[in-house]
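Some notes on the structure that comes next.
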Amino acid sequence: QVQLVESGGGLVQPGGSLRLSCAASTMFRINTMGWYRQAPGKQRELVATIPSGGSTNYADSVKGRFTLSRDNSRNTVYLQMNNLKPEDTAVYYCYVGNYIGGGYWGQGTQVTVSS
């Protein structure tokens with residue numbers, strides 16, 4: 001099984017920045033790592049993911065503002081979020097996927113963008 005430890009959420013004003021971190025502990029090889037988010041009353045949606053050895057996939061709504069990076073030696077993925085908007089307010093969930101069709105979710109960290 002995979003245990004994910006998330007950090008970095010909080011309350012910021014519009015235009016501000018946050019960096020989310022997710023460290024994975026697992027006995028299995030990790031393929032995809034990334035972040036999804038779920039706003040109140042809405043379905044969970046992709047924010048950004050990166051497969052092992054591949055390119056980052058960003059939601060159109062965050063392109064140019066968010067940057068995903070990955071430290072494979074630490075099994076950690078980071079999401080740098082700049083120029084945050086109120087519509088970015090959501091619970092952000094770390095995601096990791098293995099090579100045999102399984103995926104795992106973090107507990108979620110709250111990001112609130114409000115003036």
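Heavy atoms of the protein chains alone define the surface here; on that basis the chain has 55 Å² accessible area per residue at 1.4 Å probe size. The portion of the accessible surface of the chain made up by carbon and sulfur, rounded to a whole percent, is 45 (1.4 Å probe; DNA, RNA and ligands excluded). Spin-label model, Ile100/Ser69: points 7 Å from Cα along the beta carbon direction are separated by 3.3 nm. Remark: the chain carries a charge dipole of roughly 100 debye about the Cα centre, counting +1 on each Lys and Arg Cβ and -1 on each Asp and Glu Cβ.
Between Ser52 and Ser7, the modelled labels are 2.5 nm apart [label points 7 Å from Cα along Cα→Cβ]. Taking a Cβ cut-off of under 11 Å around Gly16, the surrounding Lys, Arg, Asp and Glu residues balance to a net charge of 0, with basic ones at +1 and acidic ones at -1. A Förster radius of 30 Å combined with the Cβ-Cβ distance from Asn82 to Arg29 puts the calculated FRET efficiency at roughly 0.45. Over the chain, the ratio between the Cα radius of gyration and 2.2 N^0.38 Å evaluates to 1.01.
The values are calculated or read from the model by the stated rules, or taken from the named source; none is laboratory data. All values reported here derive from a predicted model rather than from experimental measurement. Note that each Cβ is placed from the backbone with ideal geometry, even for glycine, and that neighbours are counted across all protein chains shown. The accessibility values were calculated without ligands, DNA or RNA, using every heavy atom of the protein model including side chains. Shrake-Rupley method; radii C 1.70, N 1.55, O 1.52, S 1.80 Å.
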